[in-house]
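The values are calculated or read from the model by the stated rules, or taken from the named source; none is laboratory data. Just so it is clear, the model here is predicted, and its values are computed rather than measured. For neighbour counting, all protein chains shown are included, and Cβ atoms are generated from backbone atoms with ideal geometry for every residue, glycine included.
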Amino acid sequence: MPSIKKMSLNAELQKLVQNIGEVGHYLWERGWAEKNAGNISIEVTDLIEKRGQGFDNYQKVKREISEPLCGGRCFLITASGSRMRELRECSQESIIMLHICEELDGYHVLWGGEGIGANPTTEFASHLKLHSFLFENNPSQKAIVHTHPSHLIALTHIELYCEEKAINRLLWSMHPELKMFLPEGVGLAPYRCPGTEELAEVTLTALQEHRIVLWEKHGCLATGADVMEAFDFIDMINKAAQIFLLGRCAGYEVQGLTESQIKELKDRFGVA
Ligand code: 13P
Ligand code: ZN
């Protein structure tokens, strides 16, 4: 029986674990992280010093991995059932650093995962599929954050806005800076059961042209160079949704920027 070894984190990895904890706390403070809602991952292969020397002394968890490009890569990822509000204080229980076996028959637990029955998030399939896409298409994007932003979810329950063009038009019109920072807008993935390959598939389709994808009637998922950037995207678009709903809840028609005001932003800042 192989010994169960754990790796000690170097300063860069410690910083990333700290950032995950910070973002977890932001999500909780925003009211987007009820119970165990949300999950976070970062690809960290280049930061693992013992890379290439084998991981046989670490605990191996058998599990079929359906993303060949993830073989041999390492990730920090939140554990299924972990609470965002506890990530900072209980990082070793709530976060796992794992190495995906080259044979794609499981992963090694390098660090963390010390909670009872700690497994990676139930959205593991979506995270790995999206990381695979990012390796090939946008390698500087290393982080993925999934959360349940209340105002955005509310919008995807309104039929009129459950359409990519309509929801982007609405969001851009609620805040002039959104067009500058997120000119491509948000992708919209149709509802699929949480934790499934089907959800991973529709997310991947929507991600081809976007850095942030709304999961209809569930939440959203953003990619970023780091977890802070991914959080910023979600924060910005939820703010736009919130402004719209605040006006509506106060009983007003919400005016929004006009088409010509949006066009002026496009022309002035050279965005699409
Ligand atoms: P996990 O606790 O398994 O990450 O699930 C939370 C979630 O939001 C699933 O979509
Ligand atoms: Zn979720």
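Points worth noting:
- Restricting attention to region 186-223, the residues being closer than 16 Å to Asn137 by Cα, under 14 Å from the mean Cα position of the chain (by Cα) and surrounded by fewer than 22 Cβ atoms within 10 Å (Cβ to Cβ) number 4.
- Residues (within 17 Å of Ala154 (Cα to Cα), within 12 Å of ligand 2 (Cβ to nearest atom) and out of contact with any strand residue (DSSP E or B) (no Cβ under 7 Å at 6 or more places or on another chain)) located in region 195-235: Lys217, His218
- Residues of region 175-212 that turn out to be within 13 Å of ligand 1 (Cβ to nearest atom) and in contact with a Cys (Cβ under 8 Å, 6 or more places away or on another chain), as a count: 1
- Count - residues of region 63-93 that are within 18 Å of Gly195 (Cα to Cα) and not in a strand (DSSP E or B): 10
- Within region 68-84, the set of residues being farther than 26 Å from Asn19 by Cα and of a type in the set (D, E, K, R) is empty.
- Candidates Glu29, Glu12 - the one that is under 16 Å from Met97 (Cα atoms), charged (D, E, K, R) and at pLDDT 95 or above: Glu12
- Filtering region 94-103 to residues that are outside any strand (DSSP E or B), within 15 Å of Gln59 (Cα to Cα) and either modelled with pLDDT under 95 or in contact with a helix residue (DSSP H, G or I) (Cβ under 9 Å, 6 or more places away or on another chain) (or both) leaves nothing.
- Residues satisfying the stated conditions in region 130-162, i.e. within 16 Å of ligand 2 (Cβ to nearest atom), surrounded by fewer than 22 Cβ atoms within 10 Å (Cβ to Cβ) and within 14 Å of the chain's Cα centre (by Cα): His148
- Residue satisfying condition, being within 19 Å of Leu221 (Cβ to Cβ) and either within 16 Å of ligand 1 (Cβ to nearest atom) or part of a strand (DSSP E or B) (or both), within set Leu110, Leu130: Leu130
- Among residues of region 1-47, those that are in a helix (DSSP H, G or I), over 16 Å from the mean Cα position of the chain (by Cα) and surrounded by fewer than 17 Cβ atoms within 10 Å (Cβ to Cβ), counted: 8
- A count restricted to region 74-99 and to residues that are away from ligand 2 (no atom under 16 Å from the Cβ) and surrounded by fewer than 24 Cβ atoms within 10 Å (Cβ to Cβ) stands at 7.
- Single match in Asn19, Asn39 (criterion: in contact (Cβ under 8 Å) with a residue 60 or more places away in the chain, polar (S, T, N, Q), closer than 27 Å to His151 by Cβ and in contact with a strand residue (DSSP E or B) (Cβ under 7 Å, 6 or more places away or on another chain)): Asn39
- Within the set Ala272, Ala240, Ala250, the sole residue that is more than 24 Å from Thr122 (Cβ to Cβ) and modelled with pLDDT under 95 turns out to be Ala272.
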